[in-house]
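Some notes on the structure that comes next.
The values are calculated or read from the model by the stated rules, or taken from the named source; none is laboratory data. These numbers come from a predicted model, not from an experiment. Note that each Cβ is placed from the backbone with ideal geometry, even for glycine, and that neighbours are counted across all protein chains shown. We work out accessible area using only protein heavy atoms, side chains counted, and drop any ligands, DNA or RNA first. Shrake-Rupley method; radii C 1.70, N 1.55, O 1.52, S 1.80 Å.
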Amino acid sequence: MSKLLQLFSTMTISCLLAFAVQAGPIDTYTFPDEVTKKRFNELTYELRCPKCQNQNLADSNSPIAQDLRKEVYDMLIDGRSDGEIMTFMVERYGEFVLYRPRVSSITYALWFGPIVFVLIGGFVVFMFVRRKDDEPEHLSEEQKQQLKSILKD
């Protein structure tokens with residue numbers, strides 16, 4: 001009975017630890033007006049966390065995301081434009097930090113690659129369908145006779 005009680009208590013503790021929620025600190029910033037607050041929210045949703053890679057700054061709880069949110073806040077309070085903030089982040093972390101990378105020689109494949117693949121796929125489908133539309137070759141009289149003799153057997 002004690003082994004059963006020990007197993008039950010171990011399972012209960014394991015479940016409680018598995019469902020424990022780890023909450024990160026919440027950033028609280030005071031903004032001079034609603035426009036600045038809206039700009040902050042838009043910028044933090046547009047910038048990618050360098051550590052998390054698939055989360056934006058607004059959603060990430062990593063320390064680097066917290067630092068970058070503070071950096072964005074400080075630059076907004078200093079009166080910098082959205083373009084200046086984005087340029088600063090790109091210079092510091094590269095194009096990767098943008099969720100919507102700029103069109104440049106480096107990102108041509110990213111922007112135009114899907115269009116090229118769709119066009120190639122459309123061409124292949126067109127050629128395949130066109131080939132099926134060709135009339136089948138007719139059998140000669142000799143071939144028809146051979147076919148009849150094969151089918152009789």
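For a quick check of your reading: which helices (runs of 4 or more DSSP H) sit entirely within the stretch 41-153 and have at least 3 residues that are touching a Leu at 6+ places or on another chain (Cβ under 9 Å) and open to solvent by less than 60 Å² (accessible area, probe 1.4 Å)?
Result: 63-77, 82-93.
Here is a list: ILE85, ILE26. Which entry is at pLDDT 90 or above and of a type in the set (A, V, I, L, M)? Outline the logic, then answer.
Working: ILE26 fails: at pLDDT 90 or above.
ILE85 is the lone residue from the list that is at pLDDT 90 or above and of a type in the set (A, V, I, L, M).
For the stretch 88-113, enumerate the residues that are at pLDDT 80 or above and more than 21 Å from ASP59 (Cα to Cα).
Answer for the stretch 88-113, where residues must be at pLDDT 80 or above and more than 21 Å from ASP59 (Cα to Cα): GLU91, PHE112, GLY113.
From the list ILE64, ILE106, pick out the single residue that is among the β-branched types (Val, Ile, Thr) and closer than 18 Å to TYR29 by Cα.
ILE64
In the stretch 67-101, what count of residues is obtained for those that are over 24 Å from PHE31 (Cα atoms) and over 18 Å from the mean Cα position of the chain (by Cα)?
4
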